[in-house]
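*Asks:* Encoded as C-alpha cells, here's the structure I'll be asking about.
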Amino acid sequence: MTPRMKRGLEISAREAELVKALADFDRQRTRLFQETGVRQSGEESAVSPEERAVRAELRQLTAERAAVLKEIADEQARLQAKQSAFDRVRAKEKAAGRRKAPASRAEEKVRARLAALQRERAYVDGTVHRDRELGRLQEAIWWSSHDPETFDSGDW
C-alpha cells in the first residue's frame, strides 16, 4: 500500500468521524430549539469553538484531498500522453495491415503505473472507504436478520 493510499484511508476515516461530530452538534441545536421553542435563542444558534474546529479540520482535509487528487491527475495526464503515443503507433501498424505487435516493456510500465494511479485515486477520493463501510453494514444486516432458525430456501 502506497503512502497516498494510506493517507487516503486516514482522511476518509477522520472525515467520517468529523461528520458524525457535526451531526451531534446539529442534534444538540435541534434539541435546544425543541426545548426553548425559539430558533434564534443565542445559545442555540451560536456555533461553539469545538464546532468551528471540526469544520476547519473538515475544510483542511478536503483541501488536502483535492491537492493529492490533483497530483494524481497531473501524473495520469502525463502518462496518458505517453500511452496515446503507443496507441497511435499501434493504430498505424494496424492500418498498414500488419500483425498486432506485443506491448513493449516501456508500454507495460506506463500501463502498470496508470493502473497504480487509478488504485491510488480510489483510495484517496474515498471510494474504498465507502465500499468497506457499505460491506460492513451489509454484513451486519445479513447477520442480524439471518440465523439458523430463519434461514430457509427462500434466501437462495
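The values are calculated or read from the model by the stated rules, or taken from the named source; none is laboratory data. On a predicted model such as this, the values are computed, not experimentally measured, just so you know. Quick reminder, even Gly has a Cβ in these numbers, built from the backbone with ideal geometry, and neighbours come from all protein chains shown. Note: areas computed on protein heavy atoms with side chains; ligands, DNA, RNA excluded. Shrake-Rupley method; radii C 1.70, N 1.55, O 1.52, S 1.80 Å.
*Asks:* Would you work out what percent of the accessible area of the chain, with all protein chains in place, is carbon or sulfur (probe 1.4 Å)?
*Replies:* The nonpolar share, carbon plus sulfur, comes to 56 percent.
*Asks:* Separate question: Taking springs between alpha-carbon atoms closer than 10 angstrom, which of V128, V89, V110 fluctuates most in the Gaussian network model of the chain?
*Replies:* V89
*Asks:* Under 1.5 on a/c is rounded, so check that first for the chain, then, if it is not, pick prolate when a/b is larger than b/c and oblate when it is not; a ≥ b ≥ c are the square roots of the alpha carbon gyration tensor eigenvalues. Working shown, then result.
*Replies:* Working: a/c = 3.82, a/b = 1.73, b/c = 2.21.
Note, shape of the chain comes out oblate.
*Asks:* Please name which of V89, V19, V54 has its Cα lying farthest along the dipole of the chain towards the positive end, using unit charges on Cβ (Lys, Arg +1; Asp, Glu -1) and the Cα centre as origin.
*Replies:* Final value for the positive-end residue is V89.
*Asks:* Suppose R0 equals 35 Å; then what is the FRET efficiency for E64 and V89 from their Cβ-Cβ distance, rounded to the nearest 0.05? All intermediate terms of the calculation are to be shown ahead of the outcome.
*Replies:* Details: r = 39 Å, r/R0 = 1.11.
It comes out at approximately 0.35.
*Asks:* How much accessible area per residue does the range 27-126 have, in Å², with a 1.4 Å probe? Spell out each step's value before the answer.
*Replies:* Values: 7160 Å² over 100 residues.
Value returned for the range 27-126: 72 Å² of accessible area per residue.
*Asks:* Grab the beta carbon distance between M1 and Q138, set R0 = 22 Å, and tell me the FRET efficiency rounded to 0.05. Don't jump to the answer; show the numbers that get you there.
*Replies:* Details: r = 24 Å, r/R0 = 1.08.
Given R0 = 22 Å and the Cβ-Cβ separation, E is 0.40.
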